[in-house]
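Heads up: the structure comes next, in structure tokens.
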Amino acid sequence: MQTLSQYLNQAQLSPALAALLTTLANSSKDISQAVRKGALAGVLGVAGTENVQGESQKKLDVITNDMLKDALAADGHVRALASEEEDEVVVLGDKGEFLVCFDPLDGSSNIDINSLVGTIFSVLPAPVGEISEQSFLQPGRNQVAAGYVLYGPSTMLALTTGKGVQLFTLDPVSGEYLLTVAEVQIPKDTAEFAINMSNQRFWEAAMQNYIADLIQGKAGPRGKSFNMRWIAAMVGDVHRVLSRGGLFTYPTDTKDPKKPFKLRLMYEANPMALLVEQAGGKASTGYDTILDIQPEQIHQRVAVILGSANEVDVCLEYHGR
Ligand SMILES: O=P(O)(O)OC[C@H]1O[C@](O)(COP(=O)(O)O)[C@@H](O)[C@@H]1O
Ligand SMILES: [Mg+2]
Ligand SMILES: [Mg+2]
């Protein structure tokens, strides 16, 4: 089986990008160890702090953020990083071609129940000149690489450098990522959806109508039965979509009028949208293609509808698209 380093060598990437992706992969191996030790390493529970978005930070949010930050600072190819757990962008130096955005631990609410969590990352080109938050405000289309690492029963890395999506599995014996699924393709059609149904009353009419028609099954306008799954970690839900298709959405809601969207554009929506498009799927807000959004600030949030292309199209029809 091909190792990650063999794959990166033959993928015709710049040596700098190959080195950066190796750094991210190596860091994820250390994170995987920390996550796996769990209570034995005293890493569970809350840190007693809040991030810039007012969310309570778990110990592992802080630990994994620091691990990635240290690894990227030592890498030498990254000018600056932006993280869900950092108030502002962190400038690492005046050398390096890349900016990295990451969600160090996605699915934080799953930590204490020993359920799926992951790391999501996005690599952007660094513009010349001084780096500021403005430098990061590039549409997702500019990403030169994106991926996630899923810390599940096995640790898996999903990676795109804009030429398809590859899935690697971490071999616990050799400590190597091995290519286990090449050229992932999301089936165009699906009979599975993922949404937090408890927010139903807060959705827009378009989403209310779409889901109402799905759950009528064979007797309804869709004429087929749909199954539902919700992992409460986008990384787990998107992994299922990449593995067997499906529609995943975290739509606009009015639950908290100050926070109409949940998922973050730079750390969650953009990298996942690139993976999904590269695997033949679609990713939209309901009105706009995620990868074409011009970000206005690094911690910005968006509505997300992604997955099997034909099913996303059906959902968009309900949105008048
Ligand atoms: O609490 P809910 O509504 O189930 O939300 C789950 C969503 O929140 C998130 O966990 C947010 O990510 P973080 O854990 O990184 O804050 C998504 O991964 C997931 O899809
Ligand atoms: Mg997250
Ligand atoms: Mg997180």
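Every number in this text was worked out from the coordinates using simple rules, so none of it is lab data. Everything numeric here is computed off the predicted structure, so don't read it as measured data. No Cβ is skipped: glycine too gets one built from the backbone with ideal geometry, and neighbour counts run over all protein chains shown.
Among Lys224, Lys258, what is the fewest-to-most ranking by other Cβ atoms within 10 Å?
Lys258, Lys224
Subtract the Cα-Cα distance of Ala219 and Arg141 from 0.36 nm times their separation in residues, and report this length gain in nm to one decimal.
24.1 nm
How long is the gain from Ala212 to Lys37 if the chain were fully straight, where each residue apart is worth 0.36 nm and the alpha carbon distance is subtracted?
58.8 nm
For a test of the definition: using alpha carbon positions, the gyration tensor, and the 1.5 limit on a/c, classify region 192-318 as rounded, prolate or oblate.
The shape class here is oblate.
How big is the gap, in Å, between the Cα center of region 167-215 and the Cα center of region 106-155?
17
Could you work out the relative contact order of region 133-234, using alpha carbon pairs under 8 angstrom and six or more residues apart, expressed as a whole percent?
15
Please identify, among Ile290, Ile63, Ile298, the residue showing maximal mean-square fluctuation in a Gaussian network model of the chain using a 10 angstrom Cα cutoff.
Ile63
Given an 8 Å cut-off on Cα distances and at least 6 residues of separation, report the relative contact order of region 192-318 as a percent.
27
Seen from all sides and averaged, what is the projected area of the convex hull of the Cα atoms in the chain, in nm²?
With the hull built on Cα positions only, its mean projection is 16.0 nm².
Suppose every Lys and Arg Cβ carries +1 and every Asp and Glu Cβ carries -1, with no other charges. What dipole size does the chain come out with about its Cα centre, to the nearest 20 debye?
Its charge dipole is roughly 940 debye.
Determine the equivalent ellipsoid of region 4-181 by diagonalising the alpha-carbon gyration tensor, then write out the semi-axes as square roots of 5 times the eigenvalues, largest first, rounded to whole Å.
Each semi-axis is √(5λ); the values are 25, 22, 13 Å.
With the contact rule set at Cα under 8 Å and sequence spacing of 6 or more, what percent relative contact order holds for the chain?
16
Under 5 Å between amide hydrogens, which residues at least 5 positions from Gln143 or on another chain qualify, with H placed 1.01 Å from N in the peptide plane?
So Gln143 has HN proximity to no qualifying residue.
Between the helical axis of 205-214 and the dominant principal axis of the chain, each derived from Cα atoms, what acute angle in degrees is found, rounded to the nearest 10?
Orientation of helix 205-214: about 80 degrees from the principal axis.
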